[in-house]
Amino acid sequence: MSDIEARLEELERLGLARRLRLISGPQGPTVLLEGKPVLLLCSNNYLGLADHPRVREAAAEAAMRWGVGAGASRLVSGTMTIHGRLEERLAAFKGSEACVLFGSGYLANLGVIGALAGRGDTIFSDELNHASIVDASRLSRAEVIVYRHRDVEHLEWNLRRHGRDAQARRLIVTDSVFSMDGDVAPLETLTELAQAYAARIVVDEAHAIGNLGPGGRGAVAEAGLDGEIDVVVGTLGKALGSYGAYACASAETVRYLINSARSLIYSTAPPPPAVAGALAALELLRERPHRVQRLRSNARALRGALAAQGFAVAESEMQIVPLIVGEERAAMRLCQQAIERGVFAQAIRPPTVPDGTARLRLTAMASHTPAELRGAAEVLGRIARSLGLNPAAMGPLHDEREAPAVDEDAYDERPVVAQALFDAEHGEEAEEIRVRARRPRAPSRAELDEREGREPVSEDESAPAPFDLERELAADARAA
Ligand code: PMP
């Protein structure tokens, strides 16, 4: 038996074998799964833009105008006007000074993290960060310190002990919304710790765009941290309905990434149709921000319906809802039986999630109807009970919006205490290290608007219009 056969057999034995399932049709609320119509409850097409007529049209038009492929790396022959246009729009959307595109979110993390940390440096990474961050950290050759999920005390404990060489760089990296759990990183405290300990901070907004923040701008905007994060990474492949990714940062940092991010330098530029599709999606999001409200209200509807079935889901508006089964085979049985009853929610097993936490990862989309979500919850409740699973024991591992239990008063003091410790450790060099490690704060979008004499967008204009399903459907039909 070859080593490959042996490994495949072992995966089968452990209940960890994976296979590709064939889907027909776009990522709409329902799809044909291996020929059978099912409700799609595991796609990251959160805002329903991947299959929106205007997004499709923009991609098709771009293919006719610019061709399908970009031909080479951005640095060789691949930079086109639409790459630049999308970068400008994304910088404006994310409230940052500059932006640079990557081929995918995976590549963006590889490029950004590898550029900001290398041999001799230290990366501090949340234990539930996405695999692309894990891989990027390993590839960077920096020392990787994994801190407990969203545990800022554990992070600080580590910041005090690791990466203390004044010449070395420190980097804190986190998902903003965690991909398999749907909970939110304590961004404010992480940013304060980064500042106090002279670390840079990278935030991956892959699952926050389209749900959190004003107009779906993400968790960084929701936390009021525009301009405070060294690099904000995001993907175009989820709420923005396309493919590709971006890094938003100061103009200086973006110039540095163009000069050092290997996954940007040595990989073909994003294809014009994908870029144009993302531009159209951003435009739709700006024009009709109530899609964000619809995603949030659908998330609430799904969570409410699951709770009515006895599942211990948290009451929140996050669109990712984990039903944690534990054992891999049990998760697969639940998944398979749900498919047979018309609900497609993929089972997620280790190593994507920690051992013993196999789960169904449900995702609501703005294009679902509340009735569809209620129906799915009923199906899942019925099957879980018939399999002898206890829905009340299938809740999240972590309280989804709250940081872990801590002494809040102690936190108020934390950055000051941290800074004092850092200063005591590094003496006269402390301030110099801090200055070297951090770029000057990037101007916020509002500051840039003011500096360049642009009319700032008022709160009223940026506030989402109330959601009106009829009007939305009519507008979509007109656009089609
Ligand atoms: N970061 C996070 C948090 C993700 O969940 C993902 C995709 N699952 C990625 C990065 C990778 O993005 P992409 O699919 O564009 O490669």
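Let me confirm something: among 240, 225, 193, which residue is touching a residue at least 12 places away in the same chain (Cβ under 8 Å), surrounded by fewer than 24 Cβ atoms within 10 Å (Cβ to Cβ) and assigned to a loop (DSSP other than H, G, I, E, B)?
Among 240, 225, 193, only 225 is touching a residue at least 12 places away in the same chain (Cβ under 8 Å), surrounded by fewer than 24 Cβ atoms within 10 Å (Cβ to Cβ) and assigned to a loop (DSSP other than H, G, I, E, B).
Among the residues of the stretch 363-379, is there at least one that is in a strand (DSSP E or B), closer than 29 Å to residue 241 by Cα and within 20 Å of the chain's Cα centre (by Cα)?
Within the stretch 363-379, one or more residues are in a strand (DSSP E or B), closer than 29 Å to residue 241 by Cα and within 20 Å of the chain's Cα centre (by Cα).
Please work out if residue 169 is more than 16 Å from the ligand (Cβ to nearest atom) and closer than 21 Å to residue 227 by Cα.
It is true that residue 169 is more than 16 Å from the ligand (Cβ to nearest atom) and closer than 21 Å to residue 227 by Cα.
Scanning for something among the small types (Gly, Ala, Ser), without any contact (Cβ under 8 Å) to a residue 24 or more places away in the chain, over 26 Å from residue 369 (Cβ atoms) and surrounded by 12 or more Cβ atoms within 10 Å (Cβ to Cβ), does the stretch 3-24 turn up at least one residue?
Yes, that holds for at least one residue.
Is there a residue being touching a Gly at 6+ places or on another chain (Cβ under 6 Å) and not in a helix (DSSP H, G or I) anywhere in the stretch 3-15?
no
Return yes when residue 151 is within 15 Å of the ligand (Cβ to nearest atom), in the same structural domain as residue 234 (by TED's automatic domain parsing) and in contact (Cβ under 8 Å) with a residue 40 or more places away in the chain and no when it is not.
no
For residues in the stretch 124-144 being under 21 Å from residue 183 (Cβ atoms) and in contact with a helix residue (DSSP H, G or I) (Cβ under 7 Å, 6 or more places away or on another chain), which is surrounded by the most Cβ atoms within 10 Å (Cβ to Cβ)?
124
Could you tell me whether any residue of the stretch 321-343 is closer than 30 Å to residue 112 by Cα and either touching a Phe, Trp or Tyr at 6+ places or on another chain (Cβ under 7 Å) or touching a residue at least 40 places away in the same chain (Cβ under 8 Å) (or both)?
Yes, some residue in the stretch 321-343 is closer than 30 Å to residue 112 by Cα and either touching a Phe, Trp or Tyr at 6+ places or on another chain (Cβ under 7 Å) or touching a residue at least 40 places away in the same chain (Cβ under 8 Å) (or both).
List pairs: first in the stretch 67-83 and surrounded by fewer than 17 Cβ atoms within 10 Å (Cβ to Cβ), second at pLDDT below 95 and in a loop (DSSP other than H, G, I, E, B), Cβ under 8 Å, 6+ apart or cross-chain?
77/71
Output the residues belonging to the stretch 27-59 that are in a loop (DSSP other than H, G, I, E, B) and touching a strand residue (DSSP E or B) at 6+ places or on another chain (Cβ under 9 Å).
Listed by number, the residues that qualify are 27, 28, 29, 34, 35, 41, 42, 43, 44, 45, 46.
From the list 109, 129, which one is in contact with a His (Cβ under 8 Å, 6 or more places away or on another chain), within 16 Å of the ligand (Cβ to nearest atom) and polar (S, T, N, Q)?
Criteria check complete, one pass: 109.
What is the one condition in (1) buried (at least 19 other Cβ atoms within 10 Å of the Cβ); (2) in a helix (DSSP H, G or I) that residue 198 does not satisfy?
In the conditions (1) buried (at least 19 other Cβ atoms within 10 Å of the Cβ); (2) in a helix (DSSP H, G or I), residue 198 misses (2) alone.
Can you tell me how many residues within the stretch 116-135 are under 20 Å from the mean Cα position of the chain (by Cα) and farther than 20 Å from residue 350 by Cβ?
So the count comes out to 3.
Per-residue answers, yes or no, for (1) over 27 Å from residue 350 (Cβ atoms); (2) away from the ligand (no atom under 16 Å from the Cβ):
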position: 145; (1), (2): no, yes
position: 158; (1), (2): no, yes
position: 184; (1), (2): no, no
position: 191; (1), (2): yes, yes
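The values are calculated or read from the model by the stated rules, or taken from the named source; none is laboratory data. Quantities reported herein were computed from a predicted structural model and do not represent experimental measurements. Positions of Cβ are generated from backbone atoms using ideal geometry, with glycine treated the same way; all protein chains shown enter the neighbour counts.
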